[in-house]
Amino acid sequence: MAMMSYRRIFAYMKKIEKSVWFQGFIIGTIIIAALTVGAKTYTLPDGVETAINYLDTFITIFFLVELSFRFIACSKKRHFFKDPWNIFDTIIVVGSLAPISETEMILLARLLRVFRVLRLVSIIPDLRFLINALLKAIPKMGYIALLMFIIFYIFAAVGSIFFNDVNETLWGDIAISMLTLFRVATFEDWTDVMYETMAVYPLSWIFYIVFIFLTAFVFLNMMVGVVLDVMTRETSEKEQENQDNHHHELITQISELQAQVSKLADKIDAQNTTASKREPNE
């Protein structure tokens, strides 16, 4: 009896934890927590600041209760902390329990409270999907970034050699030249840099056109292509997983129906057998 009661309570908690209104309330609380962090950056009246501090304390306690509720509602407790997002939530929530006072840990405590906004990522599935896809794309993007660095380094060396006498502030050494090229790659008044060197070297426009073509068009599109490729594969895998889960649920339901039909057939057979035994006696 106690086991049945525990299962009902567990199923009820699981239902609440997956409900739309509960998830919406958590998202609303996270947004309010973000607003309180932003409000503290302003000079506020003492009464308002005190109210915000009380609200911040309530939000911290709520996050602790919500995390504990999710842990209790988890069917496999051992697997709860195998999810990186659950570990992230635990670090943010536990870190937020540190009191904000004039101590050496005040900056860390405030920083963790700022990071509570990132809990939106762990709560909203679509945001988790985007972050996971981006993290999986990082290795391939790293090779593209390395190739971009090589191109930056070569062009910075060439620019430092040829344009040093034009403007030492922009082309004095290879490090400064790379910063100048980053300015050119982001189109931040890059034409001023080009026209300045063209006054001395009329054909220097070729240098800038080739560099912009490689960085702004080729490598940037390669970055976007890698992210889109990973997201496409992740979407396909997610759809396949959903189809497999749906297929598994259908098989489970069919098995349960077959078991119920079998029980009904056994009962009918038992009733027919009992009736057939009574007829000769009558």
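The table below gives the values:
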read-out: Long-range neighbours under 6 Å by Cβ, at least six apart or interchain, first residue part of a helix (DSSP H, G or I) within the range 142-156, second β-branched (Val, Ile, Thr); value: Ala156/Ile174
read-out: Selected residue [touching a Leu at 6+ places or on another chain (Cβ under 8 Å) and either modelled with pLDDT of 90 or more or over 30 Å from Lys136 (Cβ atoms) (or both)] from Val210, Val193, Val227; value: Val193
read-out: Any chance Asp244 is more than 30 Å from Asp126 (Cβ to Cβ), of a type in the set (Asp, Glu) and either touching a helix residue (DSSP H, G or I) at 6+ places or on another chain (Cβ under 7 Å) or open to solvent by 50 Å² or more (accessible area, probe 1.4 Å) (or both); value: no
read-out: Among (1) part of a helix (DSSP H, G or I); (2) modelled with pLDDT under 75; (3) open to solvent by less than 60 Å² (accessible area, probe 1.4 Å), the one test that Ser101 misses; value: (1)
read-out: Pick from the range 123-167, criterion of a type in the set (Gly, Ala, Ser) and under 23 Å from Val218 (Cα atoms), ranking: modelled with the lowest pLDDT; value: Ala133
read-out: Subset of the range 191-219 [under 36 Å from the mean Cα position of the chain (by Cα) and not aromatic (Phe, Trp, Tyr)]; value: Ile212, Leu214, Thr215, Ala216, Val218
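The values are calculated or read from the model by the stated rules, or taken from the named source; none is laboratory data. Since the structure is predicted, the reported quantities are computational estimates derived from the model, not experimental observations. Counting neighbours? That spans all protein chains shown, and the Cβs are built from the backbone with ideal geometry, glycine included. Surface accessibility is based on the protein's heavy atoms, side chains included, excluding ligands, DNA and RNA. Shrake-Rupley method; radii C 1.70, N 1.55, O 1.52, S 1.80 Å.
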